[in-house]
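J.: Here it is, the structure, as structure tokens.
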Amino acid sequence: MRRKDREVTDLIKIENIISRCTCCRIGFHDDGEVYIVPLSFGYEAKGDTYIFYFHGAKEGRKIDLIKKNPIVGFEMDTNYALNEADLACGYSARFQSIIGNGVISIVSEIEEKKLGLSLLMEHNTGKQNWNFDEKMVNAATVFKLEVTKMSCKEHE
């Protein structure tokens, strides 16, 4: 990271920033193009390791790309505000952001699918203890992003 003065390394602060993000943008490589998809997510942290869960349709470009090349980049951000100034070059922005890389895969095991859906619902609603019947779980495609590299940055 070029601006070390803006780097966040404290795991508690990183967790707090992720918890306030509402969208994770995943970047897929697609034959010379980058395909970026904004997604709702849920996650679990194990120390400094993160797994992000998503859900979506059973078919389409995203699913094809997951199967074709599971190495992806991701970005999420929160707390954006414009810092105004008298001169154009004095303007800046306040923000907190997370970027990284990881391996994305389709979840096939029913219990992990339920876990992923539960984490997604908890992150987006603040509520826990969701019940998913097997028909509902089988109808959903759940995929996970296992983070291999991540950095966090903030500017106040």
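The values are calculated or read from the model by the stated rules, or taken from the named source; none is laboratory data. Quantities reported herein were computed from a predicted structural model and do not represent experimental measurements. Backbone-built Cβ (ideal geometry, glycine too); neighbour counts: all protein chains shown. Protein only, heavy atoms only, side chains kept; ligands, DNA and RNA dropped before computing areas. Shrake-Rupley method; radii C 1.70, N 1.55, O 1.52, S 1.80 Å.
J.: Mind running the shape call on the chain? Use the C-alpha gyration tensor, a ≥ b ≥ c as the square roots of the eigenvalues: rounded below 1.5 for a/c, prolate if a/b tops b/c, oblate otherwise.
T.: Prolate, because a/c is 1.5 or more and a/b exceeds b/c.
J.: Which value at 222 nm does the chain reach when only helices count, each DSSP H run of 4 or more adding -39,500 (n - 2.57), with the total divided by all residues and rounded to the nearest 500 deg cm²/dmol? List each step's numbers first, then the result.
T.: On the way: 4 runs with 40 residues, N = 156.
Taking each H run of at least 4 residues, the total per residue is -7500 deg cm²/dmol.
J.: In Å², and per residue, what accessible area does the chain have when probed at 1.4 Å with the other protein chains present?
T.: Accessible area per residue: 60 Å².
J.: Separate question: From largest to smallest, what semi-axes in whole angstrom does segment 1-88 give when each is the square root of 5 times an eigenvalue of its alpha carbon gyration tensor?
T.: Each semi-axis is √(5λ); the values are 28, 19, 14 Å.
J.: Just to confirm a number: summing +1 for Lys and Arg and -1 for Asp and Glu over residues other than GLU134 whose beta-carbon lies under 12 angstrom from that of GLU134, what do you get? Numbers along the way, then the final one.
T.: Numbers: positive: LYS113, LYS114, LYS135; negative: GLU111, ASP133.
That sum, taken over residues with Cβ under 12 Å, equals +1.
J.: Leaving ligands, DNA and RNA out of it, report the carbon-plus-sulfur percent of the accessible area of segment 1-153 at a 1.4 Å probe.
T.: 50
J.: Using the Cα gyration tensor of segment 101-154, with a ≥ b ≥ c the square roots of its eigenvalues, what is the shape: rounded (a/c below 1.5), prolate (a/b larger than b/c) or oblate (neither)?
T.: Oblate, because a/c is 1.5 or more while a/b does not exceed b/c.
J.: A follow-up question, please. Mind checking segment 4-97 for trypsin sites (Lys or Arg not before Pro) that DSSP puts in a loop (not H, G, I, E or B) and that have at most 15 other Cβ atoms within 10 Å? Intermediate results must be reported in sequence, preceding the final value.
T.: Details: sites: LYS4, ARG6, LYS13, ARG20, ARG25, LYS46, LYS58, ARG61, LYS62, LYS67, LYS68, ARG94; in loops: LYS58.
Hits after loop and neighbour filter: LYS58.
J.: What nm value, rounded to one decimal, do you get for the distance between GLN128 and SER151 when each label is placed 7 Å out toward the C-beta?
T.: 3.5
J.: Could you pull out the pairs from LYS67/LYS135; LYS62/LYS114; LYS46/LYS144; LYS68/LYS127 whose alpha carbons sit more than 26 Å apart here?
T.: LYS68/LYS127
J.: Counting other Cβ atoms within 10 Å, which GluC sites (Glu not before Pro) in segment 1-86 have at most 15 and lie in a DSSP loop?
T.: Hits after loop and neighbour filter: GLU59, GLU84.
J.: Can you find, among PHE28, ASN129, ILE14, the residue sitting farthest towards the positive end of the charge dipole of the chain, where Lys and Arg contribute +1 and Asp and Glu -1 at Cβ?
T.: Positive-end residue among those listed: PHE28.
J.: Remind me, relative contact order of the chain in percent, using alpha carbon pairs under 8 angstrom and six or more residues apart?
T.: Result for the chain is 30 percent.
J.: How many nm is it between the label spots at ASN83 and ASN101, if each spot is 7 Å from the Cα in line with the beta carbon?
T.: 3.0
J.: What number results when the radius of gyration of segment 59-117, computed over Cα atoms, is divided by 2.2 N^0.38 Å? All intermediate terms of the calculation are to be shown ahead of the outcome.
T.: Values: Rg = 18.8 Å, N = 59, 2.2 N^0.38 = 10.4 Å.
Rg over 2.2 N^0.38 Å, computed on Cα atoms: 1.81.
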